[in-house]
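The next block holds one structure in the form of structure tokens; read it before the comments.
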Amino acid sequence: MGRRPTEGRDGRRVQDRLSPPLKVRITYCAECGYEPQTLELAGALMREFGDRLASIEIIPWEDGTFDVRVGDRLVHSMRRDGGFPEPDSIKTAVREALAL
Amino acid sequence: MGTLTRERFEQGVTYDAFKDAMTRNRERIEANEARLTLSADDLAAFRGSRPLHVMALAADWCGDVIANLPVLARIAKESGTLDLRVFERDQNADLMDQYLNQGAHKSIPVFAFFDQDWNEVGVFIERPDGVTELRARKRREVFAAHPEFGSPDAPVDQLPEDVRARLQQELQKMRDETTERANSEVVRELRAIVEGRSTWGGARQREGTAGGSKTA
């Protein structure tokens, strides 16, 4: 049985793969020991979106930073919003950006 | 107010044992230890203090621990009046939970001072407010002197990598240049505790930045 014309070999809709490349950037405070939260979020995004993301960039910083940018949009900032984001809220932002 | 028993206190490790167990930043903590200058007046005040036990909550990744624990350790060593034991933050939740910053944040270091009857006599958390204010002011000055760094309130991930690297260097330089002043503030706060003049008992309720730092 052949693939439907709108599906790629992995069954994913071709349109999904044609979405503009979406980058996620996580800036975290290295001197605050925020590595676990950073890796947890990066892992959750990798598992959920795989190669639908163009990249996940991790930037070690300081000053109590924990910022998450999806495309051009800063979807979480510890300084602005307080605390760490729920991975689900970041996934929702990624889905919206990917128009899934 | 925190509670501590002798048995629990003695489960902590010495400062030297803490350093031996460090997986990173040992050079930095020892450099800060060597860099501290204690005035004769401060030293006399600590030497004249009643003997106190000091429970320190720490972790080797934390910048404020690397900055402030060696100050306390030098004072303990040179005064002979402070019995210091160090506890790893994430392995001692029962202690950490007693000293949450603003009742919510696991800020470190925590230095809790106890008399010989295990009454808490004072607490130091994270860093003195004066140090936070000093560094915030100096940080603003760095940004003002370098327009290419953009706004001090803007997320740094938007800066080009080379500019971000230069900003990091400038901030490190600023921290180095303010270390002596910061150490003086720490010594002043610790001296106030041992002399019974501390206001740090209420520090856990003080206002801070959203989300706090050193919070996990």
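Read-outs: derived from the displayed coordinates by stated rules, not from any lab. Computed from a predicted model, the values in this text were never measured in an experiment. Using ideal geometry, Cβ is built from the backbone for each residue, glycine included, and neighbour counts are taken over all protein chains shown.
List of remarks:
- Among B:94, B:42, B:115, the largest mean-square fluctuation in a Gaussian network model of chain B, built with springs joining Cα atoms closer than 10 Å, belongs to B:94.
- Quotient of C-alpha Rg and 2.2 N^0.38 Å, computed over chain B: 1.05
- Sites count as exposed loop sites when they are trypsin sites (Lys or Arg not before Pro), lie in a DSSP loop, and have at most 16 other Cβ atoms within 10 angstrom; the longest stretch of chain B without one is B:25-196.
- 5 angstrom amide H check on residue B:122, placed H, neighbours 5+ away: B:113
- Semi-axis lengths, Å, region B:18-124, gyration tensor of Cα atoms, sqrt of 5 times eigenvalues: 22, 19, 11
- Stretch gain in nm, segment residue B:16-residue B:129, where the contour uses 0.36 nm per residue and the Cα spacing is subtracted: 37.9 nm
- Legend note: in the protein assembly as shown, cysteines whose Cβ sits 4.7 Å or more from every other cysteine Cβ are B:62.
- In region B:1-46, a dipole from Cβ-located charges (positive for Lys and Arg, negative for Asp and Glu) runs towards its positive end, and of B:44, B:23, B:4 it is B:23 whose Cα lies farthest in that direction.
- For region B:147-158, 3J(HN,Hα) per residue [Karplus equation, 6.51 cos²θ - 1.76 cosθ + 1.60, θ = phi - 60°, Hz, x = Gly/Pro]: x, 5, 7, x, 7, x, 9, 7, x, 6, 5, 7
- MRE, 222 nm, helices only [DSSP H, n ≥ 4, -39500 (n - 2.57), over chain B, to nearest 500]: -14500 deg cm²/dmol
- Size of charge dipole - region B:1-86 - debye, nearest 20, with Cβ of Lys, Arg +1 and Asp, Glu -1, no other charges: 80
- Rounded if a/c under 1.5, otherwise prolate or oblate - the protein assembly as shown, Cα gyration tensor axes: prolate
- Bridges between two residues of chain B, per DSSP, are antiparallel at a rate of about 65%.
- Sites listed here are chymotrypsin sites (Phe, Trp or Tyr not before Pro) in region B:37-135 whose DSSP assignment is loop and whose Cβ has at most 14 other Cβ atoms within 10 Å: B:118.
- Springs between Cα atoms under 10 Å define the GNM used for chain B, and in it the highest mean-square fluctuation of B:40, B:154, B:76 occurs at B:154.
- Selection among B:125, B:152, B:113 by position relative to the dipole of region B:108-154 gives B:152 as farthest towards the positive end (Cβ unit charges, Cα centre).
- Approximate shape of region A:20-98 as ellipsoid semi-axes (Cα gyration tensor, √5λ), whole Å, largest first: 20, 12, 11
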